[in-house]
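Student: One structure, pasted below without further comment.
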Amino acid sequence: MTANTLETLIAKQDIYDVLTNYARGVDRADGELLKSCYHADAIEEHGNTYNGPAHAYVDGAVARMAKLRHPMAHYLCNVNIDLQDDAKTAFVETYVLTFARFDDADGKANDTLTGGRLVDKFERRDGAWKIAHRKMALDWNRDAPQAEGWCLGMFDPGHPDLNMGTRGRGDLSYQRF
């Protein structure tokens, strides 16, 4: 393990910013933000659900997410960034927790919590770090019927003063105050 320099710390922060933009882009179904995380020729291997050009994956994912009526949230955990080639390439392993709610075949909402890892090859091209190739590893999953009490009633999701997360640019995170 080598000591960090100012250059490596900046590279690691730039890579981490791409990862957080990806998580935000997925949860907000923001295709433009998601595509900005990948190089134009990037590859996405998303388990058995997709394997091909990353920008095409984004287009399909955003279309599917726009149809969902339930929330989704991606949380980044441990991030290991291994810089290579004089900081032109990085191999990155990011632990993620994903919460999603889906309707089953009977139309009943179910919560799913999944732990996994994003394994990425990042490349710095024209001064910008972006994902060149991504593979996903799933480690565990827990599915359960939806059970939402909003902290035993402390929060009222129907109250006009409570900001509920939404997909798209109508979400609170896009507003400036």
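Student: Would you be able to say whether some residue in segment 93-102 is farther than 30 Å from residue 82 by Cβ, touching a residue at least 40 places away in the same chain (Cβ under 8 Å), out of contact with any Gly (no Cβ under 9 Å at 6 or more places or on another chain) and not in a loop (DSSP other than H, G, I, E, B)?
Tutor: yes
Student: Can you list residue pairs whose Cβ atoms sit under 7 Å apart, with the first residue in segment 148-177 being touching a residue at least 24 places away in the same chain (Cβ under 8 Å) and the second being among the aliphatic types (A, V, I, L, M)? Count only pairs 6 or more apart in sequence or on different chains.
Tutor: Close Cβ pairs (under 7 Å, with a partner that is among the aliphatic types (A, V, I, L, M)) amount to 167/29; 167/65; 167/66; 168/29.
Student: If you take just the strands (runs of 3 or more DSSP E) that sit entirely in segment 1-84, which of them hold at least 2 residues that are within 30 Å of residue 157 (Cα to Cα)?
Tutor: Once the strands (runs of 3 or more DSSP E) in segment 1-84 are filtered for at least 2 residues that are within 30 Å of residue 157 (Cα to Cα), what remains is 72-84.
Student: Name the pairs whose Cβ atoms lie under 8 Å apart, with the first residue in segment 128-147 and under 15 Å from residue 109 (Cβ atoms) and open to solvent by 60 Å² or more (accessible area, probe 1.4 Å), the second among the small types (Gly, Ala, Ser) and in a strand (DSSP E or B), and 6 or more positions between them or separate chains?
Tutor: 145/109; 146/109
Student: Right, here's the next one. In segment 118-177, what residues are more than 30 Å from residue 87 (Cβ to Cβ), small (Gly, Ala, Ser) and assigned to a loop (DSSP other than H, G, I, E, B)?
Tutor: Of everything in segment 118-177, those that are more than 30 Å from residue 87 (Cβ to Cβ), small (Gly, Ala, Ser) and assigned to a loop (DSSP other than H, G, I, E, B) turn out to be 147, 149, 158, 165, 168, 170.
The values are calculated or read from the model by the stated rules, or taken from the named source; none is laboratory data. Because the structure is predicted, anything quoted here is derived from the model rather than measured. Neighbour counts run over all protein chains shown; Cβ positions are idealised from the backbone, glycine included. Please note that ligands, DNA and RNA were not included when accessible areas were found on the heavy atoms of the full protein model with its side chains. Shrake-Rupley method; radii C 1.70, N 1.55, O 1.52, S 1.80 Å.
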